[in-house]
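The structure appears below as structure tokens.
The values are calculated or read from the model by the stated rules, or taken from the named source; none is laboratory data. Small disclaimer: the values here were computed from a predicted structure and weren't measured. No Cβ is skipped: glycine too gets one built from the backbone with ideal geometry, and neighbour counts run over all protein chains shown. Surface accessibility is based on the protein's heavy atoms, side chains included, excluding ligands, DNA and RNA. Shrake-Rupley method; radii C 1.70, N 1.55, O 1.52, S 1.80 Å.
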Amino acid sequence: MLSEYAQIIFPVGSRAMNVEGFGGSSLSVVFLVGAAGIVLGVLSLLGIEPATLTPIAAIAFGSALLLSSNAVWQLHVLSQESLRSRGQVGAGASEILASEMAFGSAGIQALSGLAVIVLGILAIAGVANDLTLNLVALLALGATIVFTGGSLSATLLNFMRTP
């Protein structure tokens, strides 16, 4: 994904752009937490403390969602900077809509990440319905990824279409 950023955003012959603050750290966090989640899931399936390891996985996934919540927004900002450097202008109303979608997606991911972290902590703390809290956390996590994944895909497809 990062190599696609480099090819799309920095084409040969383009002017220099200001991309301070942009990096692949959120993608690295998601990758590492995903690997840790696989390990925690396998250990839980093997019967090694599943009541503790699954809420820990939920907390880790919620943290990754929170830390990577601005990735779609940063991708949108990079797209706009890329268009400006090529001398192209945004598309008016569609640009405003894309901006709102990217900003909304980041907000939903951040709030959902916080909710999943709280539910995971409550499940680990041993509240009466700890299994239910853990399942709700995983449901919220999955729903957020499904709903906000469309915004990321649309932004990436917009990159592909931009000449």
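Sort out which residues of region 103-157 are open to solvent by less than 70 Å² (accessible area, probe 1.4 Å), under 13 Å from the mean Cα position of the chain (by Cα) and at pLDDT 85 or above, and write them in order of number.
Matches in region 103-157: Q109, A110, S112, G113, L141, G142, A143, T144.
Scan S79, S99 and give me the residue that is touching a His at 6+ places or on another chain (Cβ under 8 Å) and modelled with pLDDT under 80. Spell out how you get there, then give the answer.
On the way: S79 fails: touching a His at 6+ places or on another chain (Cβ under 8 Å).
Going through S79, S99 in turn, the sole match is S99.
Of the residues that make up region 38-46, is at least one crowded, with 18+ Cβ neighbours inside 10 Å and in contact (Cβ under 8 Å) with a residue 12 or more places away in the chain?
First pass over region 38-46, keeping only residues crowded, with 18+ Cβ neighbours inside 10 Å: 40.
Add one more test, that the residue is in contact (Cβ under 8 Å) with a residue 12 or more places away in the chain, and what stays is 40.
Scanning region 38-46, I find at least one residue that is crowded, with 18+ Cβ neighbours inside 10 Å and in contact (Cβ under 8 Å) with a residue 12 or more places away in the chain, so the answer is yes.
Just to check your reading of the model, which residue among A71, A35, A60, A6 is at pLDDT below 85, within 16 Å of the chain's Cα centre (by Cα) and open to solvent by less than 60 Å² (accessible area, probe 1.4 Å)? It would help to see each step written out before you state the result.
Working: A35 fails: at pLDDT below 85; A60 fails: at pLDDT below 85; A6 fails: within 16 Å of the chain's Cα centre (by Cα).
Exactly one residue qualifies, and that residue is A71.
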